[in-house]
């Protein structure tokens, strides 16, 4: 057992114990700086020259260091993770979400899978490489980032705009979300590599109309008009659209398992996707655009019909579909509903090919001889959106070999989030092989 494999569990546990919850509000998001100081101290202890960068607001701290490679003429590799986590309600958990408890073969707590497990793997390997004098084939930039859980405005996107020098020479990036094993049937185990992700498009809807007294007949009620439009949108099914990454996923699963994914019927395709188990909730969301209403605001008194009503909608759009998606939105909502984007980060996609992909596959199969890798699209969004704007090819791969009966995707932002101890150690071994040879 190498040094990184030996300490990754402790590092994961200690990172979880730091409350770096990202509420999405500047005044209530406070723990990222403490997490950054922890990482910085561990890197400096190993001998790195580090830089802590505050990204646009007090306390939004990011940590960077660079490990020089053997061939400095080659483009560098960015290896990144985010230090923030989503908030939690401790009363819903069986183990306190900030405990970092190591029990029953798992490390428990908020961030165990999103993504303090990967942070710990990266940190452990960075420390081991420095301690052992390991020189990778090319420069590696290690980055631990703020604000990913709120879209990265005070994290990766600020850094890409204001401090592109931190990523000098980086042509590829390795981060979340992928690399977790998925068991199909009894003996087929695949490790998805994220090659694409849908957009993050948060939209505000607004209806303005004539106010009035709540006791009277009122045919121009802003709340009614908005509610009807929101209901139409929430029930709407956008057309089936398969991108290169999604089609590649289906093709490889068909080859390995014989499961067919018919594309002439959305219902038939949904039925086939359901056979994939827990990962179906992610894969199914990548076969079409989605627009889910999440918040409603209107009125200030029970007997007053308000002049305005507002709704917030979480839209996720496939690569290449933005214009068609917006045309469809306008048809659904109608002329009485105003809409504006409050956050609109484009979808990204790259090919499932190249030396880094080959290296990932080789590393996984060295530790799990029966494994296969395949491309997939992430239904959410990550910091890859910022790095793609700097010209990097972005891949999501945080390797974990998981028990077949663990519903892993349900743990993201979920209750009783946890990661197996042996999966963390497996991940370190795979990631070490990648960074030693890529």
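Only one entry in 370, 358 is farther than 30 Å from residue 87 by Cα, out of contact with any helix residue (DSSP H, G or I) (no Cβ under 7 Å at 6 or more places or on another chain), touching a residue at least 40 places away in the same chain (Cβ under 8 Å) and not assigned by TED's automatic domain parsing to the domain that holds residue 74, namely 370. Filtering 422, 407 for residues that are touching a helix residue (DSSP H, G or I) at 6+ places or on another chain (Cβ under 6 Å), assigned by TED's automatic domain parsing to the domain that holds residue 126 and surrounded by fewer than 16 Cβ atoms within 10 Å (Cβ to Cβ) leaves a single hit, 407. Residue check: residue 127 meets all listed conditions (1) in contact (Cβ under 8 Å) with a residue 40 or more places away in the chain; (2) assigned to a helix (DSSP H, G or I); (3) under 27 Å from residue 56 (Cβ atoms) but one, namely (3). Among the residues that make up segment 140-151, is at least one of them modelled with pLDDT under 95, out of contact with any strand residue (DSSP E or B) (no Cβ under 8 Å at 6 or more places or on another chain) and under 30 Å from residue 388 (Cα atoms)? Yes, segment 140-151 has at least one match. Summed over segment 99-123, residues that are assigned to a loop (DSSP other than H, G, I, E, B) and over 15 Å from residue 35 (Cβ atoms) total 5. In a residue-by-residue description of segment 82-97, the property of being in contact with a helix residue (DSSP H, G or I) (Cβ under 7 Å, 6 or more places away or on another chain) and either under 27 Å from residue 359 (Cβ atoms) or in a helix (DSSP H, G or I) (or both) applies to at least one position.
Just to be sure, is residue 39 in contact with a helix residue (DSSP H, G or I) (Cβ under 9 Å, 6 or more places away or on another chain), within 15 Å of residue 116 (Cα to Cα) and in a strand (DSSP E or B)?
No: the conditions fail for residue 39.
Can you tell which of 209, 227, 156 is touching a residue at least 24 places away in the same chain (Cβ under 8 Å) and either closer than 25 Å to residue 120 by Cα or crowded, with 23+ Cβ neighbours inside 10 Å (or both)? Exactly one residue qualifies, and that residue is 156. Is it fair to say residue 351 is farther than 23 Å from residue 114 by Cβ and in contact (Cβ under 8 Å) with a residue 24 or more places away in the chain? Here the answer is yes, as residue 351 does meet what is asked.
Taking residue 311 as the residue in question, decide whether it is out of contact with any strand residue (DSSP E or B) (no Cβ under 8 Å at 6 or more places or on another chain) and either touching a residue at least 24 places away in the same chain (Cβ under 8 Å) or in the same structural domain as residue 386 (by TED's automatic domain parsing) (or both). Here the answer is no, as residue 311 does not meet what is asked.
In summary, residue 280 fulfils each of the numbered conditions (1) over 20 Å from the mean Cα position of the chain (by Cα); (2) over 18 Å from residue 332 (Cα atoms) with the single exception of condition (1). Would you call residue 50 touching a residue at least 24 places away in the same chain (Cβ under 8 Å) and under 27 Å from residue 158 (Cα atoms)? No; evaluated as a whole, the condition is false for this residue. Taking the criterion of being in contact (Cβ under 8 Å) with a residue 60 or more places away in the chain and closer than 27 Å to residue 257 by Cβ, would at least one residue in segment 333-347 satisfy it? There is no residue in segment 333-347 that is in contact (Cβ under 8 Å) with a residue 60 or more places away in the chain and closer than 27 Å to residue 257 by Cβ.
Taken over segment 342-358, the criterion of being in contact with a strand residue (DSSP E or B) (Cβ under 6 Å, 6 or more places away or on another chain) and exposed (fewer than 13 other Cβ atoms within 10 Å of the Cβ) is satisfied by 342 alone.
The condition of being crowded, with 18+ Cβ neighbours inside 10 Å, more than 30 Å from residue 255 (Cα to Cα) and within 22 Å of the chain's Cα centre (by Cα) holds for only one of 173, 201, that being 201.
The values are calculated or read from the model by the stated rules, or taken from the named source; none is laboratory data. In this text, all values refer to a predicted model and were calculated from it rather than measured experimentally. Backbone-built Cβ (ideal geometry, glycine too); neighbour counts: all protein chains shown.
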